[in-house]
Structures are given as C-alpha cells and as structure tokens.
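Structure record follows, encoded as structure tokens.
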Amino acid sequence: MGLLSILMFLINITFWVMGGAMLGVGIWLAVDPNAADILGLAGTSGMDDDLYWAAVYMMIGIGAGVFLVGFLGCVGALRAGKGGNLFLRLYFILVKLIIITEIICIILIAVFWSSLNDSVRQSMYDDLIKEYKSEDGTDFYSQSWNKMQVEWKCCGSFNHTDYRHSDWYQPNNINRRVPWTCCVMQDGKTGDTEADVENLGACRNDALSNSTVVSTYMYLNPKGCYDALFSFLDDNSAIIIGITCGFIGLQLLGSILSCILMKKGND
C-alpha cells in the first residue's frame, strides 16, 4: 500500500466517522418525537416546520453521502491498482456532489440568516415563558436554562423582564422575580448552588428595574441569553470557519488523490 493510498485511507476514515455521526443525529431528529423539544432551547422547535424538516433531511442526506464517500474512498484506497478504479470513480463523483450541496447550504444560511436569528430568539423566549419551572426543576427546560444562565452570565432570552410573562413569576414574591441562576456569582464560585450568589436579595431587587443600561445592574446579569449565544458563536467563529474550511479542504484533497490513484491504476 503506497503513501498516497495510506493518506487516502486516513482521510476517508475521517469522512466515514463524521458521516456516520451526522447521519445518526439526523435520523434521531426525524424519528424521535422528543428530539425537537430537546433541541428547542437552541431555537429548533420554534423554527418554521418546513425550515426545520428541510434542515433535518439535509443533514440526513449529507450524512449518508459523507458516510458512503468514506466507505468508497477506503475501499478504493485499499484496492488501488487492483480493480479499485470503480470505487474511486464513484468516490470522485460523490465528493463533487457533496461539495456542491455544502456550497448550497452555505448560501441558504447566508440568505435566511436574518429570519433564522428571529426564529431562534422567539423560540428561546417562548420556551422560557411556557416551560420554565424553577431553579431546582428537574425537567429538561429548567435545567438547561439554569445551566445556560450561570455559564453564560445571562438572564432570559431578551433580558430579565422575560420572566414577568411566565407562569413562574410572582411580582410580590421576592423569590419569584428572577431565578438565582440569573445573579452574579461570588468570585471563584461555579454557581452550583444558591449559596454561590454574591448578593441574592440585591439581585432580585435589581429585577424590578426596566433599565436597559448594563451599568445599572450590580448583582443581576443584564444580558439576554440570545445575545450571549451569538456572542459565543462570534467568539468562536474563527474555529467554526476553520473546521468548515478544513473539512472542505480534505474533500478536495481526497478528490485529487482519487484522480491520481485512478491514473496510476490505469498505467
């Protein structure tokens, strides 16, 4: 097995694993009735149904394609020069189709980015006011919101006033203005318990304010979790772009290697 064949094999083992993972997640989203709710905090369940199912089927299609590409590439690499040209030819065709599909996906995301943002924002808000139970709730939504608010130092979808529209909120009960997970934690504390909060009473008094000026709040995290989510994406955009470009680069490299191996097989 030559050096080019080994490199081709290693590249396509990566494709095979990634395609299998993507295919598995896509099938789970399609067949599990609870999957959309589980991912609802990220906006999925609040998307337009057509948009949601288009994304699911696109994930299944791309996952299946990448999985098949990985298989064909591995077999073609192992059988290079021994009748493996058919596998390499199919591999080359599928890689081109997948790259075209990925380009279409990138274009669609760019075109619908604004509506996707609005969908995510509204979905987070709807899930909060309808599903949130308490700081100690064992249900998925309560646990997810509490964890997100502590880790991202945020409160609500837009801001802390979102809680005023929820069934959980009780304006005359200081313990039911905002969850303690919205509050600023003591230095070095992880926010695992209410005792980690710096000043719980002051935090819940801050929740009475309607001010949008961040400096108004000393003990309450004023940023909405929607903004925190996209701040996180912005902060990691270089990594996301790098991974995407790296994946497409591997596909291009694989297609070039398949051409070289096919040529060598014909010599």
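The values are calculated or read from the model by the stated rules, or taken from the named source; none is laboratory data. Since the model is a prediction, treat every value here as computed from it, not as a measurement. Methodologically, a virtual Cβ is constructed for each residue, glycine included, from the backbone with ideal geometry; neighbour enumeration extends over all protein chains shown.
Things worth noting here:
- The set of residues from the range 129-182 being surrounded by 21 or more Cβ atoms within 10 Å (Cβ to Cβ), assigned to a loop (DSSP other than H, G, I, E, B) and of a type in the set (S, T, N, Q) comprises SER157, ASN159.
- Among the conditions (1) in contact with a Cys (Cβ under 7 Å, 6 or more places away or on another chain); (2) modelled with pLDDT under 85, GLY137 misses just one, which is (1).
- Checked against (1) more than 21 Å from ARG176 (Cβ to Cβ); (2) out of contact with any Phe, Trp or Tyr (no Cβ under 9 Å at 6 or more places or on another chain), LEU208 passes all but a single condition, namely (1).
- The condition (being loosely packed, with under 14 Cβ neighbours inside 10 Å and either aromatic (Phe, Trp, Tyr) or without any contact (Cβ under 8 Å) to a residue 12 or more places away in the chain (or both)) is satisfied by just one residue among THR193, THR212: THR193.
- The range 75-120, subset hydroxyl-bearing (Ser, Thr, Tyr) and farther than 23 Å from LEU3 by Cα, residue farthest from the chain's Cα centre (by Cα): THR101
- Selection count, the range 183-200, where residues are assigned to a helix (DSSP H, G or I) and either modelled with pLDDT of 95 or more or among the acidic types (Asp, Glu) (or both): 2
- Which numbered condition ALA238 fails, given (1) surrounded by fewer than 12 Cβ atoms within 10 Å (Cβ to Cβ); (2) of a type outside the set (D, E, K, R); (3) under 30 Å from LEU78 (Cα atoms): (3)
- Selection within the range 215-230: residues that are outside any loop (DSSP other than H, G, I, E, B) and touching a residue at least 24 places away in the same chain (Cβ under 8 Å). The member of this set that is surrounded by the most Cβ atoms within 10 Å (Cβ to Cβ) is CYS225.
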